[in-house]
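To keep things clear, I will list the structure first and then write my remarks on it.
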Amino acid sequence: MHQLTIAEIILGLRRKAFSSTELTRHLLDRIQQLDSGFNSFITVTEERALAQAKAADQRLARGEAPALCGVPIAHKDIICTSGVRTSCASKMLDNFVPPYNATIVENLNAAGAVTLGKTNMDEFAMGSSSESSYYGPVKNPWDTNCVPGGSSGGSAAAVAALLAPASTATDTGGSIRQPAALTNTTGLKPTYGRVSRWGIVAYASSLDQAGPIARTAEDAAYLLSAMVGYDPKDSTSLNRPQTDFGKGLNNALTGLKIGIPTEYFGEGLNPGIADRIQEALREYEQLGAQLQDISLPHSKLAIPAYYVIAPAEASANLSRFDGIRYGYRCQAPEDLRDLYRRSRGEGFGEEVQRRILVGTYALSAGYYDAYYNKAQQVRRLIKQDFASAFEQVDVIMGPTTPSPAFKLGTKSADPVAMYLEDIYTIATNLAGLPGMSIPCGLVDNLPVGLQITGNYLDEARILNIAHRYQQVTNWHTASAVAV
Ligand code: GLN
């Protein structure tokens, strides 16, 4: 049962081939047996899952089941779940049990989804390897000596190891697409504002966006359809008519114009990955698309701009963790200053502290104009690059990552090497555009992701483009674990 896609689960439940309780029980058993090898879950919500599954079975029996009724999924542990610890993989929030659900959890619950548990990640979503978790690193099911990518590594690994058919994740600079690429899963980061951020612990608010990680584009469409929607509680939420992203999945791609940024195929790209991407592009030509070289001239400035803006916003967002209101508090503080200093010093890991320091520095008087303002100007140039590209082409394709999954421990001591993992994904967040990563082959038996970036609010189109490819290829069905 664990290899079923969401589309198959929906059918199977309605045909009574199995119940949600049976499926949920089966996945919970699998998690219990296998996850010690991957560490993809921080918390497994067994009781809640079985109660939700039972309720779903009753609704299914009554014939009043909403779209995802009885479908088990996992949530990244940065997404607040009422009554269930939401740790952000940090000692700081090890004891934090939110009294409310994030809007996306409410939306998915309303659609009938069953919550299996909360997935492991880089601490506060800062990282590209899921090694900085307070609960230990996540391991890539394709090779447990390798990282699964990050920061949503647990969400991706759980799906790749067939422990959950899909999961929620967040992407500030690549954290949905990059782990999806390294684990052979399908990940989608929506347009900024498409999915409510309310109840998701903030990292860099102008970049954060939640989306699904699944095994197929069709499944990602199911999840996204349930996640989106205007939310008055999020001031940046877009008010758009409700969309069924499953509708246009089979549209023909004849005449589709695909832009290939020359900057994405230069130095630093693993040659094996370059080959897989070229093969995928040829497949798209077969499907009727036309390829066109384009230029995103400011691409190389994306990482430096991001690593000023994201830490700046993080330093402001994380100031709320002060040892007083909630979260970790140090033992026996001498005075107020000592309480702040040690609570934050002991509660936050190294990378989080590094970002807070960088961000605070960039925002301080005298440096603000030189760093933060400059980075915002660069951000505008990057946005304009995309705007001119989308005057010529419908979508942009290229690699999701410069290299396949790397060995655990090889980049954790070198922050810059780690930051470079997101060289192809970050610009999308700076511009607020939607992007996907889909499996397109293997290099040394490790997965490769094809990145598809769309224009604003073009999620339906990129899902259609991904789905058509998955109809004629079977890379996405290759499995990391014996089925
Ligand atoms: N790796 C990037 C960072 O560390 C992106 C992380 C993310 O998208 N959450 O900030």
*Give segment 292-313 a look and list any residue that's assigned to a strand (DSSP E or B) and surrounded by fewer than 17 Cβ atoms within 10 Å (Cβ to Cβ), or say none.*
Q292, D293
*Output for segment 430-449, where each listed residue is crowded, with 24+ Cβ neighbours inside 10 Å and farther than 30 Å from R379 by Cα*: P447
*asked:* Within segment 120-229, considering only helices (runs of 4 or more DSSP H) that don't extend past its boundaries, which have at least 2 residues that are modelled with pLDDT under 95, buried (at least 24 other Cβ atoms within 10 Å of the Cβ) and aliphatic (A, V, I, L, M)?
replied: none
_Residues located in segment 40-63, provided they are under 24 Å from the mean Cα position of the chain (by Cα) and aliphatic (A, V, I, L, M)_ = I42, V44, A49
*Give the residues of segment 346-383 that are small (G, A, S), at pLDDT 95 or above and more than 16 Å from the ligand (Cβ to nearest atom), sorted by residue number.*
G347
*For the subset of segment 76-85 comprising residues that are in contact with a Pro (Cβ under 8 Å, 6 or more places away or on another chain) and either of a type in the set (K, R) or assigned to a loop (DSSP other than H, G, I, E, B) (or both), which member is surrounded by the most Cβ atoms within 10 Å (Cβ to Cβ)?*
C80
*Kindly provide the set of residues from segment 86-119 that are touching a helix residue (DSSP H, G or I) at 6+ places or on another chain (Cβ under 8 Å), surrounded by fewer than 20 Cβ atoms within 10 Å (Cβ to Cβ) and part of a loop (DSSP other than H, G, I, E, B), ordered by number.*
A111
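Table: residues versus (1) in contact with a Ser or Thr (Cβ under 9 Å, 6 or more places away or on another chain); (2) at pLDDT 95 or above.
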residue	(1), (2)
Q286	no, yes
S295	yes, yes
H298	no, yes
A310	yes, yes
A316	yes, yes
I324	yes, no
P333	yes, yes
R337	no, yes
*If you go through segment 230-289, how many residues are without any contact (Cβ under 8 Å) to a residue 60 or more places away in the chain, among the β-branched types (V, I, T) and under 30 Å from T103 (Cβ atoms)?*
1
*Please work out which one of (1) on the phi > 0 side of the Ramachandran plot; (2) near the ligand (Cβ under 8 Å from one of its atoms); (3) of a type outside the set (V, I, T) is the condition F124 fails and give its number.*
(2)
*Out of all the residues in segment 324-382, which are aromatic (F, W, Y) and assigned to a helix (DSSP H, G or I)?*
Y340, Y361, Y368, Y371, Y372
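Matching residues to (1) surrounded by fewer than 18 Cβ atoms within 10 Å (Cβ to Cβ); (2) assigned to a loop (DSSP other than H, G, I, E, B); (3) among the aliphatic types (A, V, I, L, M):
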position: Q3; (1), (2), (3): yes, yes, no
position: R30; (1), (2), (3): no, no, no
position: T43; (1), (2), (3): no, no, no
position: A55; (1), (2), (3): yes, no, yes
position: A61; (1), (2), (3): yes, no, yes
position: E64; (1), (2), (3): yes, yes, no
position: C69; (1), (2), (3): no, yes, no
position: I73; (1), (2), (3): no, no, yes
*Residue count, segment 198-214 (criterion: β-branched (V, I, T) and within 18 Å of T86 (Cα to Cα))*: 2
*asked:* Filter segment 314-332 down to the residues that are crowded, with 19+ Cβ neighbours inside 10 Å and touching a residue at least 40 places away in the same chain (Cβ under 8 Å) and list them by number.
replied: A314, S315, L318, F321, G327, Y328
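The values are calculated or read from the model by the stated rules, or taken from the named source; none is laboratory data. Keep in mind the model is a prediction, meaning the values are calculated, not measured. Don't worry about glycine lacking a Cβ; one is built from the backbone with ideal geometry, like all the others, and counts go over all protein chains shown.
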